[in-house]
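Visitor: Pasting a structure here, questions to come.
The values are calculated or read from the model by the stated rules, or taken from the named source; none is laboratory data. Being a predicted model, the structure only gives us computed values, none of them experimental. Cβ sites come from the backbone with ideal geometry, for glycine too, and all protein chains shown count toward neighbours. Remember, those area values only see protein heavy atoms, side chains included, never the ligands or the DNA or RNA. Shrake-Rupley method; radii C 1.70, N 1.55, O 1.52, S 1.80 Å.
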Amino acid sequence: MDDVELRHLRALDAVAEAGTVTAAAARLHMTQPALSRTLAQLEARVGVRLVDRSSRHLALTPAGTTLLGHGRAILAHLDAALADTRAVSRPLRLGYTCAVLGRQTVPLLRSWRRTHPHTPLVVVRQDNSTAGLATGDTDVAVLRTVPADPRIRTEALYTEDRVAALPDDHPLADRDGVLMAELTAGGLPLALWPDTGTASPDLWPPERRPDRTVEVGNVDEWLNLIAGGGAFGLGAAGTAESHGHPGVRFVPVVDAPAATVHLARPAHPTHPRTEEFLAAVREVVSA
């Protein structure tokens, strides 16, 4: 018996789905005579009749149904293998909003490049609550808030201290540490970016909360507003380590609750190296 080819299996699948040679041929972008010849070749190579041609609507014989089940599994495995192969050749995209892993970012990038030279890692800032995971723009992400999206899986990596972001001419800017109550006593509004920032007036007791808040769209707008004296900010230490600004001073907040850094990925991975990268992140942060 001659070898059965993938085109034969695709022809059988198309006929089973479409029910007629005309519709199946259109689905496969081939002529009806060409499809009929392909089916005849398949039956000759298998040695049994696979398609019942007794009516205008084609139906598979029991042998055809059996071969179709195996054939679809073969085609599915092939499609998955090709998808994985294509994905390996493209970069793995790491999303973030305000910071990646702070001081551990560079060790991660260097470690990944050394151990996975054929899978480039691209770091992408996305100013939304999932850092691009929900839109398919990233494959994994580092977040400091947990998104309310059931398609995203998260795990806590570690906690970071909080820092105040102050204009460099602010009375508290030269301090080694400040209290939450001191930040709101100066009259400046609190700068927030609601979708991705970790700060909230709820971090203060009701009687000490900021009188006003100002919303921004991303970390750049946040820094520029603070540098110009229009607000103060409350962020995680990773933001300070990743975003120096000549007009902004970062001062530790000694009585603020810690912020949690989360590692996030889609429930259904979009890159075949996802699990390897998650393991690499865990190793770096635990070192």
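Visitor: Solvent-accessible area per residue for the chain at a 1.4 Å probe radius, Å²? The partial results should precede the final answer.
Guide: Values: 14790 Å² over 287 residues.
Spelled out: the 1.4 Å probe surface of the chain, per residue, equals 52 Å².
Visitor: Right, another one. Full-extension gain between Asp161 and Ala148, please, as 0.36 nm times their residue separation minus the C-alpha to C-alpha distance.
Guide: On the way: separation 13, 0.36 × 13 = 4.68 nm, distance 2.38 nm.
Stretched out fully, the Asp161 to Ala148 stretch lengthens by 2.3 nm.
Visitor: Could you check the simple spin-label distance between Met30 and Leu82, using points 7 Å along Cα→Cβ, in nm with one decimal?
Guide: Modelled inter-label distance: 1.4 nm.
Visitor: For Asp169 and Val254, what is the calculated FRET efficiency with R₀ set at 30 Å and r taken between the beta-carbons, to the nearest 0.05? Mind showing how you got there, number by number?
Guide: On the way: r = 22 Å, r/R0 = 0.73.
Approximately 0.85, to the nearest 0.05.
Visitor: Please label the shape of region 1-143 as rounded, prolate or oblate, based on the square roots a ≥ b ≥ c of the eigenvalues of the alpha-carbon gyration tensor (a/c under 1.5 means rounded; beyond that, a/b larger than b/c means prolate, else oblate).
Guide: It comes out prolate by the Cα gyration axes.
Visitor: Classify region 86-159 as rounded, prolate or oblate, taking a ≥ b ≥ c as the square roots of the eigenvalues of its Cα gyration tensor: rounded when a/c is under 1.5, otherwise prolate if a/b is larger than b/c and oblate if not. Kindly include the intermediate steps, with their values, before the conclusion.
Guide: Values: a/c = 2.07, a/b = 1.30, b/c = 1.60.
Oblate shape, in that a/c is at least 1.5 and b/c is the bigger or equal ratio.
Visitor: Run through every distinct alpha carbon pair of region 187-287 and return the Kirkwood hydrodynamic radius in angstroms, one decimal place.
Guide: Numbers: mean 1/r = 0.0631 Å⁻¹.
Result for region 187-287 stands at 15.9 Å.
Visitor: Evaluate E = 1/(1 + (r/R0)^6) for Asn128 and Thr20, where r is the Cβ-Cβ distance and R0 equals 51 Å; express this FRET efficiency to the nearest 0.05. Walk me through the intermediate numbers first.
Guide: Numbers: r = 47 Å, r/R0 = 0.91.
In this case the efficiency is close to 0.65.
Visitor: Given R₀ = 30 Å, FRET efficiency for Ala279-Glu221 by Cβ-Cβ distance, to 0.05?
Guide: Working: r = 35 Å, r/R0 = 1.17.
Calculated transfer efficiency: 0.30.
Visitor: Still on this structure, please answer the following. Can you bin the chain into rounded, prolate or oblate? Criterion: square roots of the alpha carbon gyration tensor eigenvalues sorted a ≥ b ≥ c, rounded for a/c under 1.5, prolate for a/b above b/c, oblate for the rest. Before the final figure, lay out the partial values.
Guide: Numbers: a/c = 4.21, a/b = 3.12, b/c = 1.35.
It is prolate, given that a/c is not under 1.5 and a/b is the larger ratio.
Visitor: Taking amide H positions as placed 1.01 Å from N in the peptide plane, with prolines and chain starts having none, which residues 5 or more places from Arg249, or on another chain, fall under 5 Å of its amide H?
Guide: For Arg249, the qualifying residues are Leu166, Asp168.
Visitor: Could you check how much of the accessible area of the chain is carbon and sulfur, as a whole percent, using a 1.4 Å probe?
Guide: Details: 7630 of 14790 Å².
Result for the chain: 52 percent of the exposed heavy-atom area is carbon or sulfur.
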